């Protein structure tokens, strides 16, 4: 007995089989009981003959007459809603085709007045009258109360519907972990590898939940190992780069020195971007936040950019407001966005706008340069993704700039949106909450 219970608890399919098996049995039981009730109703309706017919049987037979007036007998049978059968050595007549009672096999029950008696067959009364060589059999027709039959039918259907609904809710509860797994898979797919699906189930879905959690553990461990390796390598690369810079100072001035200097700076910048990206990806790293006059700070960053042959304009609100943020990282965000706009702006005007909304403050950087093809917009903020696959020096970068901007905005509880069209320019909007809750702060 105990192994069977254990098997039922541990197997989803066995429980589903039991549920549907019990449902089928209950439906058949409901149908059987309903039919029995209908039969009982029918039996109750025909089991006894009303006293009116017992008291007036002599008058009924006199009205039919001997020899019988068959037309009159048929009218009486129709009016009384009875079955009348008349037997004689020369003829047998009946008012209808009701053969449900074997009147010739009926047994004597009790005598009535004169030549009439009551016989019974199958618990039903039959009046029998013997007169002048004629034998009259009279009994009720099989009457069915349609109204009451429908009540029984509807009642049975209602019970069957309740059973089916209970069946549905039971199955729905059994499959509840599927919804949890779906939610967990969506969160893991969005990058929340710390999310786990908790369940006490011990069946196949419970085992599947444990497998999904183990998969998330493995993914988190692999990505953490990758992150640690990347940060270690990046740190180790700083030493030979520092030595290369030192050796470069002893070289004679010229084009070779300038090219080497540019290459070393580019590698150094790449390492810095990699380290910053990994720090922002680490859920335990904290932003160094402080209250800042937002519009004035962004304006100072914008006009700190030099070397663009076009014009850079700034539009701020009439009154400035304090916003708590990490100044160094917001400076990096704005600088990266401006550098992208300058690199692809083709010398055309660049406009920077700051606005305060009800819950957010926004930074908009709008250029009229090359633009980005629509097929790249969804992936342009991914690490190392570049719309220009040629990676030419004059296009610059390694595909980390917009990725860093996305991480910085998300670390502040905000987001970055990019709209662009080839040949018409790019419009980038960064939204940052004006008031951040403690739940958004990383510890």
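Determine the pairs where a residue that is closer than 19 Å to residue 158 by Cα, located within the stretch 11-39, has a partner that is modelled with pLDDT under 75 and outside any helix (DSSP H, G or I) with Cβ atoms under 9 Å apart, the partner being 6 or more residues away or on another chain.
Going by the 9 Å Cβ cut-off, the qualifying pairs are 38/144.
Across the stretch 308-348, which residue is surrounded by the most Cβ atoms within 10 Å (Cβ to Cβ) among those that are in a strand (DSSP E or B) and more than 46 Å from the chain's Cα centre (by Cα)?
The extreme case among them is 312.
If we only count strands (runs of 3 or more DSSP E) wholly inside the stretch 60-125, which ones have 2 or more residues that are crowded, with 17+ Cβ neighbours inside 10 Å?
Hits in the stretch 60-125: 82-88, 116-121.
Look at the stretch 175-223 and say how many of its residues are in a helix (DSSP H, G or I), surrounded by fewer than 12 Cβ atoms within 10 Å (Cβ to Cβ) and more than 19 Å from the chain's Cα centre (by Cα).
5
Would you check which residues across the stretch 349-360 are surrounded by 18 or more Cβ atoms within 10 Å (Cβ to Cβ) and either over 45 Å from the mean Cα position of the chain (by Cα) or outside the structural domain of residue 402 (by TED's automatic domain parsing) (or both) and list them?
Scanning the stretch 349-360 gives a single hit, 350.
Residue-by-condition table, conditions (1) at negative phi; (2) assigned by TED's automatic domain parsing to the domain that holds residue 30; (3) modelled with pLDDT of 85 or more:
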site: 90; (1), (2), (3): yes, no, yes
site: 100; (1), (2), (3): yes, no, no
site: 104; (1), (2), (3): yes, no, no
site: 118; (1), (2), (3): yes, no, yes
site: 122; (1), (2), (3): no, no, no
site: 126; (1), (2), (3): yes, no, yes
site: 150; (1), (2), (3): yes, yes, no
site: 157; (1), (2), (3): yes, yes, no
site: 162; (1), (2), (3): yes, yes, no
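The values are calculated or read from the model by the stated rules, or taken from the named source; none is laboratory data. Note that this is a predicted model, so its numbers are computed, not measured. Ideal geometry is used to build each Cβ from the backbone, glycine not excepted, and the neighbour counts take in all protein chains shown.
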